[in-house]
């Protein structure tokens, strides 16, 4: 069995200004990181707050960002869980609190590749500087790394004074695989201006081994339906339950013509249509489903509301 190799002499590296350096060279990955604060709030009461994060990119190009947080102030815990998933050209916002969950889907057709809507590691962690080698050939999360003591560091999510930490880097020095630290200071992200102790841990996992991303069950119901087409010019699409909204550069008459042409191809029967000035309303039916489409003129093109009803 290979054992970690002790360095013959102190070896130093300058460090990183961005903990995410090198991630863009990977096909896929998963990052888990957590940060905790303990101290007192502005009224002198005990304050303990934690946040756990997940950030992953799949081989398909889909991505997930998740933040779970718990705050305990005066013995009253508050827990929230937020996920934002970009999957198949649609962005899903998932929130869970107090045992209830909700998911909303939004069009992502105007988002740049691999864009992230909420917290990323670089938003939390700042520079990692003055690294002193203390151990070589340490396998962490399936990668061979070298372990360094961190002499100086900062947090973008707070202000730190007294500090200690260690970091594990791939042997080419390009990727942070693990990073742990503790400090005294302020964690503005979670505790505002309160001062106390801060602890954190960062792990890079499943390098080039995240095949796909799964949606929460509540978001599966928000996936675009194969038999309700959306015009190619649609923007700002949103969906929740049976309600779909979007805008388009096309005039209301052109949107109405699109649905009158496309929906019958997918098994929908036209039940009603009306015009009021430039506004168009359409109704289609299919088995026990009814589709009401309202198209109104907007500053540039149209605003569209589609309501699907089932049963009755």
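The values are calculated or read from the model by the stated rules, or taken from the named source; none is laboratory data. Please read these numbers as outputs of a predicted model, since none were measured by experiment. Please note: Cβ atoms are built from the backbone with ideal geometry, for glycine as well, and neighbour counts cover all protein chains shown.
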- Note on the structure: Every listed condition ((1) on the phi < 0 side of the Ramachandran plot; (2) more than 21 Å from the chain's Cα centre (by Cα); (3) in contact (Cβ under 8 Å) with a residue 24 or more places away in the chain) holds for residue 182 save (3)
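Identify the residue in region 212-222 that is part of a loop (DSSP other than H, G, I, E, B) and out of contact with any strand residue (DSSP E or B) (no Cβ under 7 Å at 6 or more places or on another chain) and, among all such residues, is surrounded by the fewest Cβ atoms within 10 Å (Cβ to Cβ). Show your work before the answer.
So in region 212-222, the residues part of a loop (DSSP other than H, G, I, E, B) come out as 212-216, 221-222.
Then keep just the ones that are out of contact with any strand residue (DSSP E or B) (no Cβ under 7 Å at 6 or more places or on another chain); that gives 212, 214, 221.
Working: 212: 10, 214: 12, 221: 14.
Once the filter is applied, the top-ranked residue is 212.
For region 273-288, how many residues meet the condition of being surrounded by 11 or more Cβ atoms within 10 Å (Cβ to Cβ) and either part of a strand (DSSP E or B) or modelled with pLDDT of 95 or more (or both)?
Just the residues of region 273-288 that are surrounded by 11 or more Cβ atoms within 10 Å (Cβ to Cβ), to begin with: 273, 275, 278-286.
Subset that is either part of a strand (DSSP E or B) or modelled with pLDDT of 95 or more (or both): 273, 275, 279-286.
Residues that pass the stated criteria total 10.
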- Query: Among the residues of region 119-165, which ones are surrounded by 15 or more Cβ atoms within 10 Å (Cβ to Cβ), over 16 Å from residue 16 (Cα atoms) and without any contact (Cβ under 8 Å) to a residue 24 or more places away in the chain?
  - Reply: 163
- Here, strands (runs of 3 or more DSSP E) confined to region 37-133 with at least 2 residues that are at pLDDT below 80 and more than 14 Å from the chain's Cα centre (by Cα) are 63-73, 76-87, 100-107
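Could you identify the single residue in 235, 174 that is surrounded by fewer than 15 Cβ atoms within 10 Å (Cβ to Cβ), assigned by TED's automatic domain parsing to the domain that holds residue 151 and farther than 30 Å from residue 41 by Cα?
Values: 235 fails: assigned by TED's automatic domain parsing to the domain that holds residue 151.
The unique qualifying residue is 174.
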- Message: Being within 20 Å of residue 209 (Cα to Cα) and out of contact with any helix residue (DSSP H, G or I) (no Cβ under 6 Å at 6 or more places or on another chain): is that true of residue 140 here?
- Response: yes
